[in-house]
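Visitor: This is the structure, below, for whatever I ask next.
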Amino acid sequence: MSMSTPVDFVLMRGGTSKGIFLRENDVPQDRDTLVRFLLDMFGSPDARQIDGLGGADKLTSKAAIIGSPVRPNTDVTYLFAQVGIHAAEVDFNLNCGNLTAAVGLYAIQQGIVKAQEGKTRVSIHNLNTDKVLYADVPVVNGVAQEQGDFVIDGVPGSGAPIALDFRHAAGAITGKLLPLGDPTICLTIESRDIEVSVVDCANLVVFVAADALGMTGTETPMQIDENQSLVLRINAIRREIAHRVGLGEYWDSRSAPSTPMCVIVQRPDSYRTYNTGQTILNSDMDLLCRQYSTAATSKALAATVTSCIGAACRIPGTVAFRHLGPAVGRSGTVRIGHPSGVICVDAQVCIEDNATEIQTATIWRTARRLAQGRVFLKSGAY
């Protein structure tokens with residue numbers, strides 16, 4: 001009887017995501033070997049990921065690999081991996097903002113960053129996008145806080161608020177906030193003209209109006225995923241944008257590409273959350289959204305996508321800007337309705353001489369350590 005060498009791990013929840021945290025020195029450095037390593041660890045491909053640590057949902061089939069800083073004035077490196085469930089693929093072409101909150105907490109708990117009383121800022125270099133992000137973690141008596149009274153929709157209970165600052169994340173994937181130049185362009189998809197906006201802030205997002213897709217905007221994730229003609233239409237839009245921004249080879253090489261993500265927007269409208277049945281009133285939000293990527297509709301909004309939505313809402317002419325409710329101001333908080341409830345983003349941009357600069361892109365998440373231990377892999381050849 002043989003047993004592979006165990007690997008230390010920590011299971012963390014960050015926002016509405018959950019991921020396996022690994023140390024850079026404990027994983028293969030070669031990217032192809034790392035893919036095999038993660039697929040083995042998560043039990044992929046398999047719909048239940050029954051023979052690994054995966055959670056059988058794209059929000060819980062994630063890994064965060066934490067390493068020493070390589071850029072001045074940063075504390076840690078963070079490589080995000082979206083581990084395929086049905087496909088033997090691992091996607092590194094995006095960042096998970098929800099897990100960024102957990103990265104900040106993890107860095108303090110592991111002693112990588114010294115806790116400062118009141119609030120400790122962790123400077124995080126995301127290797128996927130080569131952008132620096134900031135997590136402000138509350139600290140009391142030298143201990144990073146997990147418990148608190150801050151509530152986020154999509155997570156039971158409450159926790160300590162962690163502020164995530166994405167203002168330096170413009171052009172994360174393409175190098176440009178507006179990769180196609182104009183805030184809105186017209187595509188011809190299935191012989192119909194569809195207006196879209198492409199914005200790159202923390203992650204690359206293509207925005208399209210719900211009615212342009214024959215949707216109301218209040219659909220549940222399951223209703224979207226089970227509508228094959230709708231999914232094909234969404235993916236046709238995503239594929240067209242991927243090719244236009246130079247991601248065609250990446251898109252065509254994958255069965256479930258993550259990038260670009262599609263956010264379907266609609267003016268505020270009341271609906272019930274998919275998970276609890278809670279009624280979300282149109283007065284509770286400024287914009288109604290559904291997010292699709294990686295072969296499924298998200299049950300909540302990605303934190304990076306939320307920051308991108310906030311930026312898009314501040315750029316005149318975008319599809320998101322045109323669908324804002326009447327109550328939203330020109331700066332400050334934008335309330336976004338998603339399948340699990342409402343998420344807020346503090347967003348502000350400066351437009352001067354036809355150049356747009358993000359001044360604020362902040363959201364608040366909670367995080368906590370769920371478990372830690374050793375994982376045994378089926379293969380020892382890593």
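The values are calculated or read from the model by the stated rules, or taken from the named source; none is laboratory data. Not measured: the values here are computed from a predicted model. In this analysis, Cβ positions are derived from the backbone assuming ideal geometry, glycine residues included, and neighbour counts consider all displayed protein chains.
Visitor: So which of Leu377, Leu370, Leu324 ends up being in a loop (DSSP other than H, G, I, E, B), in contact (Cβ under 8 Å) with a residue 24 or more places away in the chain and under 30 Å from Met41 (Cβ atoms)? Spell out the reasoning first.
Guide: Values: Leu370 fails: in a loop (DSSP other than H, G, I, E, B); Leu324 fails: under 30 Å from Met41 (Cβ atoms).
Being in a loop (DSSP other than H, G, I, E, B), in contact (Cβ under 8 Å) with a residue 24 or more places away in the chain and under 30 Å from Met41 (Cβ atoms) holds for just one of Leu377, Leu370, Leu324, which is Leu377.
Visitor: Taking the condition of being farther than 13 Å from Leu377 by Cα and surrounded by fewer than 19 Cβ atoms within 10 Å (Cβ to Cβ), how many residues in the range 36-49 meet it?
Guide: Filtering the range 36-49 down to residues farther than 13 Å from Leu377 by Cα leaves 45-49.
Keeping just the survivors that are surrounded by fewer than 19 Cβ atoms within 10 Å (Cβ to Cβ) gives 45-48.
Residues in the range 36-49 being farther than 13 Å from Leu377 by Cα and surrounded by fewer than 19 Cβ atoms within 10 Å (Cβ to Cβ): 4 in total.
Visitor: Something else: What are the residue pairs meeting all of these: first residue in the range 166-189, first residue without any contact (Cβ under 8 Å) to a residue 60 or more places away in the chain, second residue in a loop (DSSP other than H, G, I, E, B) and crowded, with 18+ Cβ neighbours inside 10 Å, Cβ atoms under 6 Å, and 6 or more apart or on different chains?
Guide: Note: pairs meeting the criteria are Gly171/Leu177.
Visitor: Take the residues in the range 89-103 that are assigned to a loop (DSSP other than H, G, I, E, B) and hydrophobic (A, V, I, L, M, F, W, C), then tell me which one is farthest from Ala135 (Cα to Cα). Walk me through it before giving the result.
Guide: Just the residues of the range 89-103 that are assigned to a loop (DSSP other than H, G, I, E, B), to begin with: 89, 92-96.
Next, from what is left, pick out any that are hydrophobic (A, V, I, L, M, F, W, C): 92, 94, 96.
Values: Phe92: 21, Leu94: 18, Cys96: 13 Å.
Among residues in the range 89-103 that are assigned to a loop (DSSP other than H, G, I, E, B) and hydrophobic (A, V, I, L, M, F, W, C), the one farthest from Ala135 (Cα to Cα) is Phe92.
Visitor: Among the numbered criteria (1) buried (at least 21 other Cβ atoms within 10 Å of the Cβ); (2) in a strand (DSSP E or B); (3) outside the structural domain of Thr60 (by TED's automatic domain parsing), which single criterion is violated by Ile194?
Guide: Result: Ile194 fails condition (1) only.
Visitor: Another question, if that's okay. Considering only residues that are under 25 Å from Leu177 (Cα atoms), out of contact with any His (no Cβ under 9 Å at 6 or more places or on another chain) and either of a type outside the set (Ser, Thr, Tyr) or not assigned by TED's automatic domain parsing to the domain that holds Arg335 (or both), which ones fall in the range 255-284? Before the answer, list the steps.
Guide: So in the range 255-284, the residues under 25 Å from Leu177 (Cα atoms) come out as 256-267.
Okay, now just the ones that are also out of contact with any His (no Cβ under 9 Å at 6 or more places or on another chain), so 257-264.
Hits for the range 255-284 are Pro257, Pro260, Met261, Cys262, Val263, Ile264.
Visitor: Continuing with this model, one more query. What's the number of the only condition in (1) at pLDDT below 95; (2) within 18 Å of Val205 (Cα to Cα) that Cys313 fails to meet?
Guide: (1)
Visitor: Is it the case, given these coordinates, that Tyr250 is among the aromatic types (Phe, Trp, Tyr) and modelled with pLDDT under 95? Before the answer, list the steps.
Guide: Values: among the aromatic types (Phe, Trp, Tyr): yes; modelled with pLDDT under 95: no.
So Tyr250 fails the test.
Visitor: From Asn235, Asn275, Asn203, grab the single residue that is over 17 Å from Gly317 (Cβ atoms), under 22 Å from the mean Cα position of the chain (by Cα) and surrounded by 21 or more Cβ atoms within 10 Å (Cβ to Cβ). Walk me through how you get there before you give the answer.
Guide: On the way: Asn235 fails: surrounded by 21 or more Cβ atoms within 10 Å (Cβ to Cβ); Asn275 fails: surrounded by 21 or more Cβ atoms within 10 Å (Cβ to Cβ).
Exactly one of Asn235, Asn275, Asn203 is over 17 Å from Gly317 (Cβ atoms), under 22 Å from the mean Cα position of the chain (by Cα) and surrounded by 21 or more Cβ atoms within 10 Å (Cβ to Cβ), namely Asn203.
Visitor: Six or more apart or on different chains, Cβ atoms under 9 Å: show the pairs whose first residue is in the range 290-301 and farther than 12 Å from Thr60 by Cβ and among the charged types (D, E, K, R) and whose second is at pLDDT 95 or above and in a strand (DSSP E or B).
Guide: Arg290/Cys262; Arg290/Val263; Arg290/Ile264; Arg290/Val265; Arg290/Gln266; Arg290/Thr297; Arg290/His338
Residues checked against (1) surrounded by 14 or more Cβ atoms within 10 Å (Cβ to Cβ); (2) part of a strand (DSSP E or B); (3) outside the structural domain of Thr60 (by TED's automatic domain parsing):
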site: Leu133; (1), (2), (3): yes, yes, no
site: Val139; (1), (2), (3): yes, yes, no
site: Ile152; (1), (2), (3): yes, no, no
site: Gly157; (1), (2), (3): no, no, no
site: Arg167; (1), (2), (3): yes, no, yes
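Visitor: Which ones in the range 330-367 are polar (S, T, N, Q) and assigned to a strand (DSSP E or B)? Before the answer, list the steps.
Guide: Our first condition is that a residue be polar (S, T, N, Q); within the range 330-367, this holds for 331, 333, 340, 348, 354, 356, 359-360, 362, 366.
Hits for the range 330-367 are Thr333, Gln348, Thr356, Gln359, Thr360, Thr362.
Visitor: Another question, if that's okay. Among (1) farther than 18 Å from Ala135 by Cβ; (2) crowded, with 20+ Cβ neighbours inside 10 Å; (3) among the polar types (S, T, N, Q), where does Thr33 come up short?
Guide: Failing condition for Thr33: (2).
Visitor: Consider only pairs whose beta carbons are under 6 Å apart and that are at least six residues apart or on different chains; among these, list those whose first residue lies in the range 198-226 and is assigned by TED's automatic domain parsing to the domain that holds Ile241 and whose second residue is assigned to a loop (DSSP other than H, G, I, E, B) and acidic (Asp, Glu).
Guide: Thr218/Asp269
Visitor: Then there is this: For the range 331-382, give me the residue count where each residue is within 25 Å of the chain's Cα centre (by Cα) and either at pLDDT below 95 or under 21 Å from Ala303 (Cα atoms) (or both). First the steps, then the outcome.
Guide: Filtering the range 331-382 down to residues within 25 Å of the chain's Cα centre (by Cα) leaves 331-350, 356-372.
Next, only the ones that are either at pLDDT below 95 or under 21 Å from Ala303 (Cα atoms) (or both) stay: 331-350, 356-370.
The total comes to 35.
Visitor: Take the range 232-281 and flag every residue that is of a type in the set (Lys, Arg) and in a helix (DSSP H, G or I). Break it down stepwise before answering.
Guide: First, the residues of the range 232-281 that are of a type in the set (Lys, Arg): 233, 238-239, 244, 254, 267, 272.
Passing the criteria: Arg233, Arg238, Arg239, Arg244.
Visitor: Filter the range 301-355 for residues that are small (Gly, Ala, Ser) and surrounded by fewer than 22 Cβ atoms within 10 Å (Cβ to Cβ); which is farthest from Ser270 (Cα to Cα)? Spell out the reasoning first.
Guide: Applying the first criterion (small (Gly, Ala, Ser)) to the range 301-355 yields 302-303, 307, 310-312, 317, 320, 325, 327, 329, 331-332, 337, 340-341, 347, 355.
Still in the list and also surrounded by fewer than 22 Cβ atoms within 10 Å (Cβ to Cβ): 317, 325, 327, 329, 331-332, 355.
Values: Gly317: 25, Gly325: 12, Ala327: 15, Gly329: 21, Ser331: 24, Gly332: 23, Ala355: 36 Å.
Within the range 301-355, the match that is farthest from Ser270 (Cα to Cα) is Ala355.
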